[in-house]
Amino acid sequence: SFSSLSFATVELPGFYYDSEKNRYFRLLPGHNNCNPLTKESIQYKAMESKRLRLLEEEEKQKKRTARPGLNSSMLLHKRQLGLLSSTSYCRLVHELKVNCMQRRKIEIHSPDSSITGTNNFKIIVADVACERIFTVNDVEHGGCKYGIISLSSLGQESLTVEMYDNLYFTNRKVNSVCWASLTHPDSHRSVFPLTLWSTLCLMGIAETPGCASLLPASLFSNSNPGDQPGMLCSFKISTAWSCAWCLNPQADNSFSTGLTRRVLVTNVVTGHRQTFGTNSDVLAQQFATQSPVLYNGCRSGEIFSIDVRQRSRKGQGWKAARLFHDSAVTSVRLLQAEHYLMAADMAGEIKLWDLRTTRCVKQYEGHHNEYAVLPLHVNEEEGLLTAVGQDCYTRLWSLHDAHLLRTIPSPHPAAKDTIPSVVVSSRLGGSRGVPGLLMAVKQDLYHFSYN
């Protein structure tokens, strides 16, 4: 009969089909209090339902595997039979461990109890040894403040967090942060102490100048404030999007800032600056270590490199390697051999480029992005690529074959201002640390260990 026929649901302009009630409901545009049925609210409800379902599955602590038949006993058996090389065995073991990671909330302590857990995490960045995490936290009046988390006590029940108010910059938004290595007269007990510099600017107000600053990490210690060096340098710049520090000795003590339609390379000791004009805003940067070459990702989708030994030139003749994405590039990461470059864009595409042939050799599917500047985290020792999407899911892929290993839901409902910031390392807490993932979201810090 006619009533027994099944029809596929179709998109009707201005209407929403509820599969549970098997009927259409009228939609009203935008957000309103009269009719809660808007496209945004429906999408949010579906996403939140999926997130809660995945969290429930994770709570069951089931031993999931990345692919059928992958388990520790099978891998060991194949290794003993000579069917797996040591490299393949280590890679597959890491995949297995990633899928067995369990989330544990870390209790945050601070010398100043009044600031503990009162501000949302915005950015967390680890130093080279992964002993300390630099944090940027949003504050209620619209500015940001800094802090440092010590990971030396990671094996215990809690981490020690030292947070101090941002003494130098107020009412500014931090766009980018990186660790720097600099020899400074005020430094002691270390030949090359780790210091910090961060690029700050007011988003959305092009006329307001941005600001770059170099801060000593010792500023965040518990020692006598009179013994602490102040800000090492600070200068105003145009709207800044990205920053990077150079570790190559041929451009020692130099850092770059990605600005609106130009790149600025500055030597913090001599004050010498080089300016390179571009056709687009520079949203992502990274220096090579084997040569003084800077890689830049632009809003236009172009990726290009600059040899900073050359003098500034007009035009585009100074560009070396050039690659192109179809959308704004939000992150660039060189692999250790520096023959390959990983790049992500605002279309959610993640590509691995061979710099020798300028061809894309791998794509990593599943990342979600539409407009945010989101970083990539490459860990070659563990064979992992990690990225947090605009949908607030943290995804881990196998570097080797681009297989999606794990999708981790956020412990908090997804929102524009609650996108998690993560750190992935083989040695969380230093040389004797453990491999794992740290996730900062809202006021909470979580540890995913696959030790």
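Can you name every residue in segment 343-362 that is open to solvent by 20 Å² or more (accessible area, probe 1.4 Å) and either part of a loop (DSSP other than H, G, I, E, B) or among the basic types (K, R) (or both)?
M346, A347, E349, K351, L355, R356, T357, T358, R359, K362
Is it the case that A402 is under 30 Å from K45 (Cα atoms) and either open to solvent by 10 Å² or more (accessible area, probe 1.4 Å) or within 12 Å of the chain's Cα centre (by Cα) (or both)?
When the stated conditions are applied, A402 does not pass them.
Among the residues that make up segment 115-129, is at least one of them over 25 Å from the mean Cα position of the chain (by Cα), modelled with pLDDT under 75 and open to solvent by 30 Å² or more (accessible area, probe 1.4 Å)?
No, there is no match, as no residue in segment 115-129 is over 25 Å from the mean Cα position of the chain (by Cα), modelled with pLDDT under 75 and open to solvent by 30 Å² or more (accessible area, probe 1.4 Å).
Against the conditions (1) modelled with pLDDT of 75 or more; (2) open to solvent by less than 80 Å² (accessible area, probe 1.4 Å), where does P13 fall short? Just the number, please.
(2)
What number of residues within segment 245-262 are closer than 18 Å to P292 by Cβ, open to solvent by less than 10 Å² (accessible area, probe 1.4 Å) and within 21 Å of the chain's Cα centre (by Cα)?
Looking only at that region, the number is 5.
Which of the residues belonging to segment 284-294 are under 18 Å from A337 (Cα atoms) and under 17 Å from the mean Cα position of the chain (by Cα)?
Q285, Q286, F287
Name the residues in segment 363-390 that are under 14 Å from the mean Cα position of the chain (by Cα) and not in a strand (DSSP E or B), would you?
H367, H368, N369, A372, V373, L374, P375, G389, Q390
Only one of these is at pLDDT below 95 and over 16 Å from A244 (Cα atoms): S312, S300. Name it. Spell out the reasoning first.
Values: S300 fails: at pLDDT below 95.
None of the other options fit; the residue is S312.
Against the condition under 26 Å from Y340 (Cα atoms), outside any loop (DSSP other than H, G, I, E, B) and of a type outside the set (K, R), how does V423 come out, does it pass?
Here the answer is yes, as V423 does meet what is asked.
So in segment 71-84, with the set limited to residues that are among the polar types (S, T, N, Q) and more than 32 Å from the chain's Cα centre (by Cα), which one is modelled with the lowest pLDDT?
S73
The values are calculated or read from the model by the stated rules, or taken from the named source; none is laboratory data. Keep in mind that what you see is a predicted model, and the values were worked out from it rather than measured. Here Cβ is always computed from backbone atoms with ideal geometry, including for glycine, and neighbour counts include all displayed protein chains. Remember, those area values only see protein heavy atoms, side chains included, never the ligands or the DNA or RNA. Shrake-Rupley method; radii C 1.70, N 1.55, O 1.52, S 1.80 Å.
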